[in-house]
Amino acid sequence: MTGDTTAPALGQDATRPGGSRRRWGWICAGAAGVTLIAGAVTVAVLNSTVFTPEAVVERYLDAVREGDGATAFGLAQARFADAEAPGENPDGLSTALLDGEALASTLTGVEDLQVTEVSADESDLAGTDEADDADAVVRVSFTVDGAEHHSDFGVNRTGRDWLVFPRWSMQEVALQEVVLEPSGLPENAAADAPVADVNEVPVPLTGRDAESQSRFAVLPPAVVTAEYEGSFVASVSPGRAIVENTGAAAGEDAEQAHRLELTLGATEALTAEIQRQISEHLTFCTDQKVLQPTGCPMRYWTSNRVTPDSIEWSIPEDPKIYLEHENDASQIRIAGVDAVARITLEEIDLVTGEARTVEEDLPFELQAELTVTPERVVVRPDLS
């Protein structure tokens, strides 16, 4: 019996039927291998860039920058001192800087922000329970007006996502306390109910609520600024506190509280108002057609006879006013006023009967008491 020796048609596969299946299997296996390798590379890249200790801190900073207080608070597991439950605020600190635009503003002055992992031994947490318990320490480095600062945060691995990606969580972050400390507030300032601006939050400087509303809980890192602008009293320069993560919770240690000093002094408008009131008083003096105006510092002495209607007083130049403690509105006072009065009159010599016109400049000093509030100025010339 002869075998079938028919040759395959031109272009027909001469291999055995099972050969194509094996080749397809090899292709599939190769593709699977490439997929596994690509998957492994992807996992490695994500583990080194997305699912890292730094990433959870960056998400926290993003929430602060966006004013998302709930997210920032949750990521930081933030706590108050002596709190027995999450979010409890036993010391009654103001929470105005923990949400919204006020929260976002705490990073406004922060520049050159960088987030990196550092050795626990080299961190500010070294030797603390936080460092001992942390799986990693993340440093947030930043500058404020060119000066370098940083805050360190402990981070722990708390499981895996999708079985392969490590899940990281920040250790409990202690809320920091910032205390507004105004100085130079005039004694009677309460009459004007002055209100300062602390990161866009109105804060009373006087009254029964002033103390409680002047103590703020803050998420680190932060820059907290304070300003006050009254008509006659204002902040000499903006007060500023740079808040780093000290580890002590807000209200826990008064020595650890960040001092937000706000020095109040005189405005240019105060000097102008004092000048106006003194000039007004001197106008009262120059309107009197007498040689010794009542309640006034100027006097003209003569033994001759004077025609009363000829007497004319004037102040040819603005008085020079000397103020003390201009950068401390609580102590500001008028140290003295130097001025020159000019008198013009007709004088008749009692011996010769000769009439002559007299014009004479008479320097004098004026003393005055000063009462200042942010919106009110009272000058009381010494009439003695």
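Does E187 qualify as being open to solvent by 10 Å² or more (accessible area, probe 1.4 Å), out of contact with any Pro (no Cβ under 8 Å at 6 or more places or on another chain) and not in a loop (DSSP other than H, G, I, E, B)? Write out each step before concluding.
Numbers: open to solvent by 10 Å² or more (accessible area, probe 1.4 Å): yes; out of contact with any Pro (no Cβ under 8 Å at 6 or more places or on another chain): yes; not in a loop (DSSP other than H, G, I, E, B): no.
Here the answer is no, as E187 does not meet what is asked.
Looking only at region 213-234, filter to residues that are open to solvent by 60 Å² or more (accessible area, probe 1.4 Å) and in contact (Cβ under 8 Å) with a residue 40 or more places away in the chain; which one of those is nearest to Q277 (Cα to Cα)? So that I can check it myself, show each step before the final result.
Looking only at region 213-234, we keep the residues that are open to solvent by 60 Å² or more (accessible area, probe 1.4 Å), and these are 213, 215, 227, 229.
Remaining after also requiring in contact (Cβ under 8 Å) with a residue 40 or more places away in the chain: 213, 215.
On the way: Q213: 37, R215: 39 Å.
Looking at residues that are open to solvent by 60 Å² or more (accessible area, probe 1.4 Å) and in contact (Cβ under 8 Å) with a residue 40 or more places away in the chain, I get Q213.
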> Conditions: (1) more than 27 Å from A196 (Cβ to Cβ); (2) open to solvent by less than 30 Å² (accessible area, probe 1.4 Å); (3) of a type outside the set (K, R). A72 meets all but one. Number of the miss?
Replying inline: (1)
>> Give me the residue from region 339-384 that is within 18 Å of K289 (Cα to Cα) and of a type in the set (S, T, Y) and, out of that set, nearest to the chain's Cα centre (by Cα).
In response: T344
> Mind checking which residues of region 305-345 are open to solvent by less than 40 Å² (accessible area, probe 1.4 Å), over 30 Å from P186 (Cβ atoms) and not in a strand (DSSP E or B)?
Replying inline: S310, I311
> Is it the case that some residue within region 196-204 is in contact with a strand residue (DSSP E or B) (Cβ under 8 Å, 6 or more places away or on another chain), open to solvent by 70 Å² or more (accessible area, probe 1.4 Å) and acidic (D, E)?
Replying inline: yes
> Exactly one of (1) under 31 Å from the mean Cα position of the chain (by Cα); (2) more than 30 Å from E130 (Cα to Cα); (3) open to solvent by 30 Å² or more (accessible area, probe 1.4 Å); (4) hydrophobic (A, V, I, L, M, F, W, C) is unmet by L262. Its number?
Replying inline: (3)
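If you go through region 210-224 one residue at a time, how many are part of a strand (DSSP E or B) and either closer than 19 Å to D112 by Cα or among the hydrophobic types (A, V, I, L, M, F, W, C) (or both)? Working first, answer last.
Pass one, region 210-224, residues part of a strand (DSSP E or B): 215-218, 222-224.
Still in the running and either closer than 19 Å to D112 by Cα or among the hydrophobic types (A, V, I, L, M, F, W, C) (or both): 216-218, 222-224.
Final tally of qualifying residues: 6.
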> How many residues does region 194-222 hold that are at positive phi and at pLDDT 95 or above?
Replying inline: 1
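A quick yes/no check of all residues on (1) open to solvent by 70 Å² or more (accessible area, probe 1.4 Å); (2) in contact with a strand residue (DSSP E or B) (Cβ under 9 Å, 6 or more places away or on another chain); (3) among the β-branched types (V, I, T); (4) more than 30 Å from T373 (Cα to Cα):
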{"residue": "A83", "(1), (2), (3), (4)": "no, no, no, yes"}
{"residue": "D91", "(1), (2), (3), (4)": "no, yes, no, yes"}
{"residue": "G109", "(1), (2), (3), (4)": "no, yes, no, yes"}
{"residue": "L125", "(1), (2), (3), (4)": "no, yes, no, yes"}
{"residue": "D145", "(1), (2), (3), (4)": "yes, yes, no, yes"}
{"residue": "R160", "(1), (2), (3), (4)": "yes, yes, no, yes"}
{"residue": "P166", "(1), (2), (3), (4)": "no, yes, no, yes"}
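The values are calculated or read from the model by the stated rules, or taken from the named source; none is laboratory data. All of these numbers come straight from a predicted model, not from anything done at the bench. With ideal geometry, Cβ positions are generated from the backbone for all residues, glycine too; neighbour counts draw on all protein chains shown. With ligands, DNA and RNA removed, areas are computed over all heavy atoms of the protein, side chains included. Shrake-Rupley method; radii C 1.70, N 1.55, O 1.52, S 1.80 Å.
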